[in-house]
Each structure stands twice: as structure tokens, then as C-alpha cells.
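Below is one structure; the comments refer to it alone.
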Amino acid sequence: MPHYDLIIIGAGPAGSAAAVTACGQGLSVALIDKAQFPRDKLCGGMLTGRCAKHLEQVFGLSPAADLFETRRHFEFFMQGQSLGRLSDVPPLHLTTRWNFDHQLLKCALEAGAADYTACRISTLDFDENNVTLQDGNVLSFGVLIGADGVQSIVAKELFGQSFDPDKIGFALEIEGPSQNPDEETPVRIDFRAADWGYGWSFPKQESTTIGLGGVHPRNPDMKERLARYLDLLGAGRDAKVKGHFLPFGDHRGRPGRGNVLLAGDAAGFVDPITGEGIGHAIHSGHLAAQVAINSIRKGKPESAARQYCHASRPIRNSLRCARLLRPLIFAGPLERFFSSAFAGSQTLRRDYMRLLSGEVEYPNLLMNAAARLPRAVLRWLLRGRRRHG
């Protein structure tokens, strides 16, 4: 039975980040994924400034032109009404997951990870610390990281289900024709294109990624919503529609148990406001690998989950603060207030972009919102009173 210090299930950004980190510190690593890479992945493919920092830290990669297109202009809408445009914002980078994930996997394999992509798992045995593949091979481990996405088999084995169906998000997306964008072409965000969610249009040279996502139980008519959104944008309905669950604010309070850890989407580490998950995936994969290195070197792999719970606390605190702010944007009764405040405040729009760029974090944004909210509500009420005489 081949033994590895660390087995990672899932070779996306979280898994590849964990592999690069662990291999760099001399651990033996097996990287397992059911897919043959390159492979498709539902995702808008936008890398925030925060994500770019983690990409540089973990992989030594920058958003180079061969993989990324940089955008500095954004347009915001709600229910078809413009909420304003921002220009010359901190750069955000667009890519395709087909190429991006493949590049990260190459980094992991070059670092020394054993390649078990295109391999399906038959059984997981956390009591015996082994993984049985469908071809009959059995691999044993010291620590295991589940980086296998929202429908994680590792999370299901640990907790009985991969996600909470009452909280999970869902997204639909197409790759439409290219708009032949230039440097001035904006990224478009439509708040509430889905209930407790938003729509997006990301213009790239080869295509335009258009989609919408929101809390799944609140959107039983998601296909109809997508059709209306495509009509609004004047995009054709002929493109293939992809659908996928998103852990849209449904993160694990304790992302692991014993010597088994969860990273990225498998842990629910996705921003419940912006839907951004690549940055948290790379960051949490890196943290999980650091914990694995430390616990194995100390001869206490069973302490990994406790250490990881502490190490990942900043991510979880940020997501908790985002969930507290989310009703201000998405709750129906506050829709008019938010649209008025967002359209009328350059500061609020820039705060949103500073959040995406990594210049500000949710705990600080929450404190700022709490300080500004009473005056913002008062101004909105006074404007409404003046409008009605």
C-alpha cells in the first residue's frame, strides 16, 4: 500500500495550492481528482486583487497576459436600472478556469505531487487512514485534505452531507459571443438578477461569460431568470447552459476533524456577497498544507483539524461579517434603500471595489457600515419625504 504524508482530493486551486505548499516542505503528496485536466468549471473566472496576492504568495505567479485580461471599469445595475459606473478602479483580472486550473495543477505536479488525476475514488476509510480508488489501488495517508468542491465526498463522509440544502447557492452560466472588448469595456454586475444573488457579464477576448447565482431555495425559477437576464443583455439563448451549486455563505464552522481537513468550496469558503471563491480556495489550501506539515513533523497528525480551525479563523470571521452585511444588499424590503444609497454614493461603490481588490476586509467594512448606516437611512427618509411633498 503506497503511503503518503498528505493525500489531497481535488486538484483545483485549493488542492493545487496545498500540494505546492506541502511538496515545497518535503512532504510526500498524492493529488487525486476524478477529472482529466484541463477540464471545464462553472465560474465567472474573475480574480480579485486579494486572489492575485495569494496566487503570488503560493505559486509565485502574477496575472500575466497569457492567462488573464485586466479590467478597470465596472457598471452596476439593479432590476435593469443603472446604479452607476466606476472607472480606473484597482485592477481585476479575467481568466478561463480551463486554462487557469490546468496551470496551477502543472505547478503542483512540477513541485513533486504524485499525479492521480482522472482517478475516481471508491471508498474513504478515515479510521484506517486510507483511500481506495476504483481501479483497486489503496493509498494510505498521514493527513488528508478534501479540496473536492461544493459536493465534497470528504465533507459528506465527515458530516453526513456535503452542504446544507437550505443555505446553499446555485448558479447558471453561459459562454456567449465575445464583445471584442478593449480596455474601456466594463465588467457588469446586476444586483438581484436572482433572489438573494446577482448576475454578471464578464467580457473577454474569446467569449463573454454571463451568469447569475443566488440562494437556491429562493430561486426555483432560476432558468426563467437566466432567460430574462440574457434578453436584458441582448445575448443569445443558443449557448450551452452550465449549472452548479455554490456554497454561497454556507461555510463550515469547524472545517475538519482529526487528521482530515476541508479547503476551498468543500469548506464553504465562498464570499456570500460577491460569490468570489478562488482567493479563499488558494489561501485555505495553503493554510491546510501548513497545518499538515506542522502536525506531521510533530508526530501528531490527529491534531491537524484543531490547528486548522485556528489558522482558518480569519477567513471564517470575514465570511461571518459578510453574512451580516448581506441583507443590506439582497433583502427585498431594503432593495429601494440599497439601490438609492449605492447609486448616490461614489464612496459606497468604491468601498465595494476596495473589498474586491483586497484593500479592505469585511470586519472593517462592517464597522464602517454600522457607523454610516443611521445617517444614510435618515437621508433616504428625508429624500422620500421631499419627493412626496
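General remarks:
- All-pairs alpha carbon distance profile, the chain, 10 Å steps from 0, percent: 5, 23, 32, 24, 12, 4, 1, 0, 0
- Residue order, fewest to most surrounding Cβ atoms within 10 angstrom, among 101, 66: 66, 101
- Approximate spin-label separation residue 62-residue 238, in nm, with each point projected 7 Å along Cα-to-Cβ: 4.1 nm
- Taking a Cβ cut-off of under 12 Å around residue 95, the surrounding Lys, Arg, Asp and Glu residues balance to a net charge of 0, with basic ones at +1 and acidic ones at -1.
- Using a cut-off of 26 Å between Cα atoms, the listed pairs 106/300; 156/300; 167/242; 156/223; 41/300 include 106/300; 156/223; 41/300 as exceeding that distance.
- One Cα centroid belongs to the range 142-204, the other to the range 1-20; the line between them spans 23 Å.
- Beta bridge orientation in the chain: antiparallel %, DSSP, nearest 5: 65 percent
- Relative to the current alpha-carbon distance between residue 118 and residue 161, full extension at 0.36 nm per residue lengthens the span by 13.1 nm.
- Calculated [θ] (222 nm, deg cm²/dmol) that DSSP helices of n ≥ 4 give over the chain, each run adding -39,500 (n - 2.57): -12500 deg cm²/dmol
- Neighbour counts of other Cβ atoms within 10 Å put 102, 3, 54, 283 in the fewest-to-most order 3, 102, 54, 283.
- Each residue of the range 187-201 is assigned a 3J(HN,Hα), and the resulting list reads 6, 10, 10, 10, 5, 6, 5, 10, 5, 6, x, 7, x, 8, 9 Hz, derived from the Karplus form 6.51 cos²θ - 1.76 cosθ + 1.60 (θ = phi - 60°), x at Gly and Pro.
- Virtual paramagnetic centre 7 Å along Cα→Cβ of residue 205, amide N under 19 Å, in the range 42-59: 45-47
- Residue order, fewest to most surrounding Cβ atoms within 10 angstrom, among 119, 43: 119, 43
Coordinate-derived values only; no laboratory data. Given the structure is predicted, the values throughout are model-derived calculations rather than measurements. Cβ coordinates were reconstructed from backbone atoms using ideal geometry, including for glycine residues, and neighbour counts include every protein chain displayed.
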